[in-house]
Amino acid sequence: MTPRYRLGFRPDIEGLRAVAVLAVLAFHATVPGMAGGFAGVDVFFVISGFLITGLLLRDVSAQGRFSLAEFYARRARRILPAAGVVLLATTAGAWLLLPPLRGTDVAGDVVAAALYLANWRFVAGQTDYLAAARDPSPLLHYWSLAVEEQFYLLWAPLLLVLVLVARRLGRSPLPAVAVAVVALTGVSFALSLWWTGTSAPLAYLSSPSRAWQFGVGALAALLTPYGRLPGARPGGGEGRRDAPRFSLRVASGALGLAGAAAIAWSVVALGPQTPYPGTAALVPTLGTAAVIMFRSPVSAALSWAPVRLAGRLSFSWYLWHWPVLVLTEAVLGEQSWPVRLALVLACALPAALTLRLVERPLRMSGVVAALPRRGLALGTSAMAVPVAAALLLNGGIVQGATATTATVAQAAEAPGAPGTALRPTPAQARTDFPKSQGCEIALTATTSPPCLFGNPASKDRVVLIGDSHAGQWFAAAERIAVRRGWALEVLTKPGCPLPRLTVVDPRLGREYRECDAWREYALKRLAAESPPRLVLVASLNAYTTDRAALTRAWDATLTPLSRLGASLVYLRDTPLPGKDVPACLSGAPVPSCAFPRAAGLRPDPLAEQIAAGDRPGVRLLDVTPLLCPSESSDTCPAALDGIVLYRDDAHITDTLAVRLAPRLEQDLEDLDLIPTVL
C-alpha cells in the first residue's frame, strides 16, 4: 500500500516566492545593505524541490505511479512559453541596442538559454580568462532555469524507477525515495564544497553543485507527507488535552521564525566576497525548508494578498528584470542604485502582461493540457523559435558588422587612417592573441613548460616574465631573440601579479594560492638556470591601489631578479580601456570608442621610481606616448593608423605588438642593453 500524499495549494509558498524574487531584484539593483540578495535563488531552488517532489508523490499516492510525459508536459506549459517570450524580446533588444559583436555574443547566449544549457555556457565563459572581462550577458540569469530543468530531467525518471521497483516488490516507495534523496543531496553538497574551494563559477552555476538545494526541498516534501503545515490546529476544545498540541504549535512557530530569520540574515550579511555556495548556502537553504515545513507568524504574513501577488509575478518578473537592466545600461551607461531599482521594479509591468497573456492562458488551457504531447509540442516550439530567431539575427549581425567596420573606419578620423579598413577587424581583434599559446599556463598550474623560442641551443637568452600583460609583448621579445640568434624563454601566468602580491581570483572565488606558488617557482627556476642576457618584466598595474604595498611587492620580486646578473627592463603597463574595445568598434566610429586618459593611465610607482633613478639596475620602456600620443587630449584612442589597439578591455592586439616590436628593439639598442643588428 502506498501511503496517501495530499499536496494542497500553499498560499504561504506563493508569498515565499515574492521574498525570493525581491531579494534578487534588490541585489541586482545594488541596493545598499542587500549584498546577499543572490540567496533568493537558493530560496527558489528549495521551493521547486519541495513542490515538484510533492506533486510527483501526490500522483504516486493517487495512481501508484506517475507519467513522465505528463510531468514534462506540465513543466513545459509552466516554464517554457514565458521564458521563450523573454528570449525573443532580448534577441530583438540586442539587435537594436547592442554593438554587433555583443549582439553575436547574445545570440549564442539565446541558443544556450533556449536549450537550457546556459549555466554551462557561462561556466565556460567565466572560467576563461580571455573571455571573462566581457560585458555581462542580458541572459546571465537563465543559468538558474537551466540548473532547475537539468535537475528534473534526471530526478523525475529516477523517482519513477524507484516507484516502479517498490511497487513490483509490494512495498512503499517512500523509504527508497528518501534514501535516494539523502544520498544525492549528500554527494551534491560535498561536490559543492569542493568546487567552492577550487572553481567559483563551477560551484555557483553548475547543476551538480546546486542539486543538493533541490534535494533539501525534496526532503521537506517527504517530511511533510500531507503537504500542509504541521502545528496547524484542526479544531477541538481548549484544556489540558490540548497541551501537547499547543507545545507543537510553539515549537513549529519557533522553527518557522528561525527559518525566516536565516533567510533575512543571508540577504543582508552575505556578499560577493562570500565563498558561495559552500557552507554559507546552508543558511538560506535550511531556512527556506524551515519556513515551508513549520507554521509560524511568518506563514500568515507570506499569505497576505499583496505578497502573494508579487509571488505570482515572480517567475516572469525574474525573467524580465535582468535583460532590461543590462540593455538599458548598455545604452545609457552604468546607473546609480535608485535608477537601477526603479528599472527592476518597473519590470513588474511586462511581468504582469506575460503572466496574463502567456503564462496563465497556456498553463490553464484545457486543450493543451488534455494530451501530454500538446504540452510537449508547445514547449518544443517555445525553445525552437528563439533558437531560430537568434540564428537568423546572428547572420544579420555578422553581415551588418562587416559593413559597419568599413563605415566605422571611414568615420574614424584617426591620424593617417581616413577611409582605411581597420586591422584587425573588430571581430578578428578578439582572437588576436600572441603566438605563444601554451606558455600562458592554466589557472591552477603552479609550474611552466620550457616554452623556448628562437634558437633554444644559444647560450644567450631573453626572458619574458609576468602575467598576460607580459605575454602580450611576445612578438617584440621574439623579434629581439630571433634577429640575434638568441633563445627566448617565456614565463607567464594570466591573472597572476609578478610583484609579490596575494590576490583573490574571481574565477576561483578565493585567494590565488597557485599564483604565489608559481611566482616562487619561476624565480627559483631562473636562479637555477644559466644567466640570461636580458629579462623583460611586465605585469598588469591594477591589482592594488596601495602604493606602499605595491612598492614592497615589487621589491620582493625585483631583488632576486637583479641577482641574475642580466639587464633588467620593466615594460610599463599599457593603458587600460576598461571596456570591450572590439565590441565598441564593431558599431561606432573610432573616436566614440576612446576612453578617459585619467582612468586608462593608472599611477605606476615602479615606473616613477625608475624614471627618477631610484631603482638602480632596472631600466624602463614606456609606450604610453605612442598609445596616447596627445598630451593635451583627455582621452586615449581605441585605434590608431588603422590598427585596433586592444583585443578586449585591457590587452593590446598582437597586430599592435608586431607593429611596436621594432620600436622596442630600437629603444633597447639605444640603451645599450642589446647589440645592434644591421
Percent antiparallel among DSSP beta bridges (both partners in the chain, rounded to 5): 30
Inter-label distance, nm, simple model (7 Å from Cα along the C-beta direction), VAL187/ASP546: 4.4
Global form of segment 137-216, assessed from the alpha-carbon gyration tensor, a/c cut-off 1.5: oblate
Solvent-accessible area per residue for segment 623-678 (1.4 angstrom probe, square angstrom): 41
Gyration tensor (alpha-carbon) shape descriptor, the chain, a/c threshold 1.5: prolate
Under the Karplus curve 6.51 cos²θ - 1.76 cosθ + 1.60, θ = phi - 60°, whole-Hz ³J(HN,Hα) for segment 265-276, x wherever Gly or Pro sits: 4, 4, 5, 9, 9, 6, x, x, 7, 6, x, 9
Extension gain (nm, one decimal) between LEU371 and ARG78, 0.36 nm per residue minus Cα-Cα: 104.0 nm
Förster radius 30 Å - calculated FRET efficiency between ALA352 and ALA69 (Cβ-Cβ, nearest 0.05): 0.45
Cβ-derived FRET efficiency at R0 35 Å, ARG597 paired with THR559, nearest 0.05: 0.60
Within straight-line cross-link reach of LYS459, lysines at Cα separation under 23 Å, skipping those fewer than 8 residues along the same chain: LYS524
Relative packing of peptides 326-333, 347-354 - highest average C-beta neighbours within 10 Å first: 347-354, 326-333
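How far, in nm, would the chain grow between PHE9 and VAL250 when pulled straight, counting 0.36 nm per residue and subtracting the alpha carbon separation?
Result: 84.4 nm gained on full extension.
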Theoretical FRET efficiency, 1/(1+(r/R0)^6), r = Cβ-Cβ of ALA261 and ALA588, R0 56 Å, to 0.05: 0.65
Approximate spin-label separation SER530-LEU169, in nm, with each point projected 7 Å along Cα-to-Cβ: 7.2
Surface share of carbon and sulfur [accessible, 1.4 angstrom probe, percent] for the chain: 64
Segments 138-146, 431-439, 504-512 sorted - mean Cβ within 10 Å per residue, highest first: 138-146, 504-512, 431-439
Accessible area per residue in Å² at 1.4 Å probe, computed on segment 26-97: 30
Cα gyration tensor shape of segment 538-649, rounded if a/c is under 1.5, else prolate or oblate by comparing a/b with b/c: prolate
Cysteines having no other Cys beta carbon under 4.7 Å from their own, within the chain: CYS347
The chain, relative contact order in percent, only Cα pairs under 8 angstrom and at least six apart counted: 17
Extended-chain gain in nm, criterion 0.36 nm per residue less alpha-carbon gap, VAL504 and LEU626: 40.7 nm
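The values are calculated or read from the model by the stated rules, or taken from the named source; none is laboratory data. Predicted model only: the values in this text are computed from it and were never measured. For neighbour counting, all protein chains shown are included, and Cβ atoms are generated from backbone atoms with ideal geometry for every residue, glycine included. Heads up: the accessible areas ignore ligands, DNA and RNA and are worked out on the full protein's heavy atoms, side chains in. Shrake-Rupley method; radii C 1.70, N 1.55, O 1.52, S 1.80 Å.
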